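The values are calculated or read from the model by the stated rules, or taken from the named source; none is laboratory data. Bear in mind that the values here come from a model prediction, so they are computed numbers and not experimental data. Note: ideal-geometry Cβ built from the backbone for every residue, glycine included; neighbour counts use all protein chains shown.
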Amino acid sequence: MSIELRPVETEAELEAYVRIWNAITPDEPTSAPLQRDRRARGPRRLYLLSWADGVPVASGFAGGSDSPDRAHVAIRVLTGARRQGIGSAALRRLCDHLTQAYGLATVSAKVDGRDDGSLAFARRFGFEEVDREVEQVIELGGRATGRLPPGVRLTTVAERPELLREAYALAVAGYADMATWMPVTISLDEWLREEATLPEGSFVALGGDEIVGFSGLCRHSGDPGIAVDGLTVVARAWRRRGLAIALKRSELAWAAANGFREVVTWTQRGNEAMRAVNERLGYRYRKVELTVARALPLDDMSLA
């Protein structure tokens, strides 16, 4: 069998990249327009296709992450092409690119907690678990809005679009409070572009003129019947008053009234408080995703 690794360059190659990704990760689908936009915003990223006898059988990605000190790599190999060295060759190529283009000392990847084979692959090449997230999901029916603490009122990002920018400082504080293995950072541009993409269902809590809470609802990349509960954050002085539940209830009520059948959300290990809020609202657990990481470069590892 002849194996060839090539960067994604043409539209046809980008479509092949997307098909492979979606075949292996159907519950987190992507699209060619989305990847085209990300490539334009991150020219140092490498998108890779692995070809076996002229047929694309694996995709790979290498680029930055939500932490300034860490790179990220993702490999998807079609089931029939596994255990033939294709993933190993892609990992070498992608990590070499990260070392040269980014100069970072750490690389991470996401592994489905149900995929023992992928986890074994990662461990074989020196990756170790450093964090885990759980996916929680709720099926929507009729939903009531929550009771707000005295002195607080809600508005939506659709009603007052300027509040998304003004909520950025609260979001930064919220990310700093997350018990992640490395600090999470998000630029203002990323915040404005990626958060609250369903502005009518994204709520801002105001105490007087001060933003004291925020909960963003986002479009799902592959299913218009699913909404994604993005960041929910409450100012430290306003916590433990039921505000997070009221914000989330308002989101769910809007989603139910506007034809969505399901809302999904992710919470990190160490964020038991928000996980408990979701449980009280009726979310159930569906999936565990592990973050694995190791040092760069890969020169000390045999990828044969």
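From the list 147, 92, exactly one residue is over 30 Å from residue 211 (Cα atoms) and not β-branched (Val, Ile, Thr). Which is it?
Details: 147 fails: over 30 Å from residue 211 (Cα atoms).
92 is the lone residue from the list that is over 30 Å from residue 211 (Cα atoms) and not β-branched (Val, Ile, Thr).
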Checklist entry - For residue 159, are the conditions met, namely being surrounded by fewer than 20 Cβ atoms within 10 Å (Cβ to Cβ), at pLDDT 90 or above and either within 22 Å of residue 41 (Cβ to Cβ) or among the acidic types (Asp, Glu) (or both)? => result yes
Checklist outcome for this item: Filtering the range 14-49 down to residues that are surrounded by fewer than 17 Cβ atoms within 10 Å (Cβ to Cβ) and of a type in the set (A, V, I, L, M) yields 23, 32, 34, 40
Checklist entry - How many of the residues in the range 190-239 are crowded, with 21+ Cβ neighbours inside 10 Å, farther than 23 Å from residue 26 by Cα and of a type outside the set (A, V, I, L, M, F, W, C)? => result 6
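Looking at the range 122-172 only, could you name the residues that are of a type in the set (Val, Ile, Thr) and over 24 Å from residue 195 (Cβ atoms)? It would help to see each step written out before you state the result.
Step one: of the range 122-172, the residues of a type in the set (Val, Ile, Thr) are 130, 134, 137-138, 145, 152, 155-157, 172.
130 - this is the single residue of the range 122-172 that is of a type in the set (Val, Ile, Thr) and over 24 Å from residue 195 (Cβ atoms).
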Checklist entry - Across the range 43-74, what is the number of residues that are in a loop (DSSP other than H, G, I, E, B) and more than 18 Å from the chain's Cα centre (by Cα)? => result 4
Checklist entry - Between residues in the range 119-141 that are touching a residue at least 12 places away in the same chain (Cβ under 8 Å) and in the same structural domain as residue 73 (by TED's automatic domain parsing) and residues that are surrounded by fewer than 17 Cβ atoms within 10 Å (Cβ to Cβ) and among the polar types (S, T, N, Q), which pairs lie under 8 Å by C-beta distance while being six or more apart or on different chains? => result none
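When you check residue 200 against the structure, is it assigned by TED's automatic domain parsing to the domain that holds residue 247 and either over 26 Å from residue 145 (Cα atoms) or under 15 Å from the mean Cα position of the chain (by Cα) (or both), yes or no? Walk me through it before giving the result.
Values: assigned by TED's automatic domain parsing to the domain that holds residue 247: yes; either over 26 Å from residue 145 (Cα atoms) or under 15 Å from the mean Cα position of the chain (by Cα) (or both): no.
When the stated conditions are applied, residue 200 does not pass them.
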